[in-house]
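The values are calculated or read from the model by the stated rules, or taken from the named source; none is laboratory data. This structure is a prediction, so every number in the text was calculated from the model and none was measured. Every residue, glycine among them, receives a Cβ derived from its backbone with ideal geometry; neighbour counts consider all protein chains shown. Accessible surface areas use protein heavy atoms only, side chains included; no ligands, DNA or RNA. Shrake-Rupley method; radii C 1.70, N 1.55, O 1.52, S 1.80 Å.
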Amino acid sequence: MAADVGGVTPRPYVPVVTKLHAVIGNDHCVENEESSTTLVRNPATGQEITRVPSLGEAEVDAAIARASRAFETWRHVTPGDRARLLRRFAAAVDAHGEELAALEVANAGHVIGNARWEAGNVRDVLEYYAAAPERHSGRQIPVPGGVDLTFHEPLGVVGIIVPWNFPMAIAGWGFAPALAAGNTVVLKPAELTPLSALRIGELALESGLPEGVLQMLPGKGSVVGQRFVTHPAVRKICFTGSTEVGRTIMAGCADQVKRVTLELGGKSANIVFADADIELAAARAPYGVFDNAGQDCCARSRLLVQRSVYDEFLGLLEPAVAGVVVGDPTEEATEMGPLISAAHLATVSSFVPDGAPVAFRGSSPDGPGNWFAPTVLAPVDPRDRAATEEIFGPVVVVIPFEDEEDAVRLANDTPYGLSGSLWTRDIGRALRVARAVETGTLSVNSHSSVRYWTPFGGTKQSGIGRELGPDALDAFSDVKNVFISSD
Ligand code: NAD
């Protein structure tokens with residue numbers, strides 16, 4: 001590690017929570033006398049993992065002041081050095097991939113296979129954006145009387161607010177491009193799932209990022225997150241969470257004309273046409289909605305099936321749903337874990353009251369933990385709340401449609417527009433419907449939504465702006481135009 005990187009000297013770091021990995025699985029608590037603390041539980045067992053500080057406004061202000069000071073040096077770190085530091089950070093995440101995955105399994109109930117992918121995704125996103133400082137070039141625009149140049153200027157301190165459903169991956173989608181573009185970052189993890197972000201913050205410092213460049217600030221949305229919105233030194237908010245909270249963030253940002261990226265809720269459609277490979281579409285459909293126990297903003301929670309193959313499709317879907325392996329997330333074979341909390345279990349359950357039109361269900365363990373079996377509702381009135389609201393749990397509604405026009409009408413009959421899939425062998429139809437469905441991302445004959453090389457985000461009330469891919473850097477910088485007279 002270089003002692004001095006581009007004029008910024010890395011300083012020793014006192015971690016907020018030390019040796020997180022060592023406390024997983026027992027009742028050891030880390031107390032902080034100056035702050036209140038938040039209890040963190042394992043959603044698969046209900047057991048307490050640890051306590052994490054819940055920062056107050058004065059502590060947040062102090063962190064923002066550190067981030068502002070660090071910005072004055074970080075922005076001037078040479079592109080090559082900034083790239084090198086981000087590559088080291090990526091290497092540190094890679095070296096601690098198993099540890100980060102274990103934290104996500106314990107804290108968020110993610111199945112181990114997914115958690116490993118998520119740790120790898122943080123590494124990959126860091127590596128991808130590590131290439132940016134040396135390539136994020138401006139333009140030279142032909143003008144009369146001189147030379148015109150554009151520069152990508154960093155914004156300053158960026159506030160990133162993260163939800164509990166993909167704690168470390170979503171954190172990385174924000175901080176990696178923000179840092180690459182020359183900003184400093186204050187990041188608030190969700191109250192329920194702070195552990196992986198806190199560890200990543202430690203790894204950033206261990207890999208040489210100077211103090212104040214990336215700070216993880218655990219605490220309440222109404223305190224820490226809200227302060228990001230109101231503090232004038234925070235120049236941009238990158239928020240991922242519910243549409244309800246996103247609206248208040250956007251309104252708060254308007255006061256200072258603060259830049260904002262919003263990644264919000266979804267109610268995405270999975271459209272199966274009669275000319276599709278019906279067996280494949282039915283075999284894959286459970287994984288398009290039940291992955292991460294349905295706690296996925298991209299969950300295809302409305303299954304629209306052409307009426308002529310509706311019965312055949314449901315017949316194939318039933319064994320596919322029964323085959324989803326639900327249980328202990330530490331087991332390699334497990335495909336679906338628990339819901340995040342007892343409160344969320346109650347919310348999801350409210351969408352399947354006694355007498356709900358349950359066509360069939362998968363299995364789930366008994367005993368402690370927030371378990372809810374994969375559930376298929378059919379037939380469902382398209383105006384039913386299960387068909388219109390984001391459930392954020394393993395519940396899918398199946399609705400028949402008549403033809404292409406009807407499918408597009410149903411798919412677009414929602415205030416959301418995040419993701420979706422369509423299954424057909426007709427390439428013309430695939431293109432027509434892909435263009436007609438109002439979403440930010442859509443996949444044909446697959447359920448892929450997130451690839452770090454490509455833009456991700458929503459339209460309508462699913463959000464504003466795009467993350468990932470080559471465009472994300474623009475979300476964390478402003479274009480400055482400079483004209484130099486040749487006179
Ligand atoms: P949430 O909106 O309750 O909370 C998200 C984050 O915002 C948390 O860190 C929370 O502490 C913070 N927060 C809450 N109130 C705040 C306030 N007044 N000011 C500032 N910050 C505040 O969402 P959640 O329950 O954690 O996550 C689930 C939601 O996130 C779902 O709606 C889901 O669709 C959405 N989501 C969207 C995407 C996407 O990319 N579009 C990805 C993941 C999750």
- Please report, in debye to the nearest 20, how large the charge dipole of region 269-451 is about its Cα centre when each Lys and Arg carries +1 at its beta carbon and each Asp and Glu carries -1 there. 400
- Calculate what fraction, in whole %, of the accessible area of region 269-451 sits on carbon and sulfur atoms when a 1.4 Å probe is rolled over the protein chains. 50
- When each of 220/460; 188/258; 236/267; 188/460 is checked by Cα-Cα distance, pairs over 21 Å: 220/460; 236/267; 188/460
- Query: Any idea what the dipole of the chain comes to, in debye rounded to 20, about its Cα centre with Lys/Arg Cβ at +1 and Asp/Glu Cβ at -1?
  - Reply: 1200
- Item | Built amide H within the under 5 Å cut-off of residue 156, gap 5+ | 184
- Per-residue HN-Hα couplings for region 462-473 [Karplus 6.51, -1.76, 1.60; θ = phi - 60°; Hz; x = Gly/Pro]: 8, x, 9, x, 10, 10, 6, x, x, 7, 4, 4
- For region 269-451, just run the numbers: alpha carbon Rg, then divide by 2.2 N^0.38 Å, N being how many residues it has. 0.98
- ³J(HN,Hα) across region 348-361 via Karplus (A = 6.51, B = -1.76, C = 1.60, θ = phi - 60°), whole Hz, x for Gly/Pro? 4, 4, 5, 7, 10, x, 3, x, 5, x, 7, 6, 6, 9
- Degrees between helix 195-206 axis and first principal axis of the chain (Cα, 0 to 90, nearest 10): 30
- Calculated from backbone phi, Karplus (6.51, -1.76, 1.60) coupling profile of region 332-344 in Hz, x at Gly/Pro: 4, 7, 5, 10, 9, x, x, 6, 5, 8, 5, 5, 5
- Give or take rounding to whole Å, what are the principal axis extents of the alpha carbon atoms in the chain, in descending order? 72, 66, 39
- Task: Calculate, for region 280-403, the solvent-accessible area per residue in square angstrom, rolling a 1.4 angstrom probe over the heavy atoms of the protein chains.
- Result: 40
- Task: Return an integer: the convex hull volume of the alpha-carbon atoms of region 193-326, in Å³ per residue.
- Result: 169
- Whole-Å distance, taken between Cα centres, linking region 374-389 and region 192-254: 35
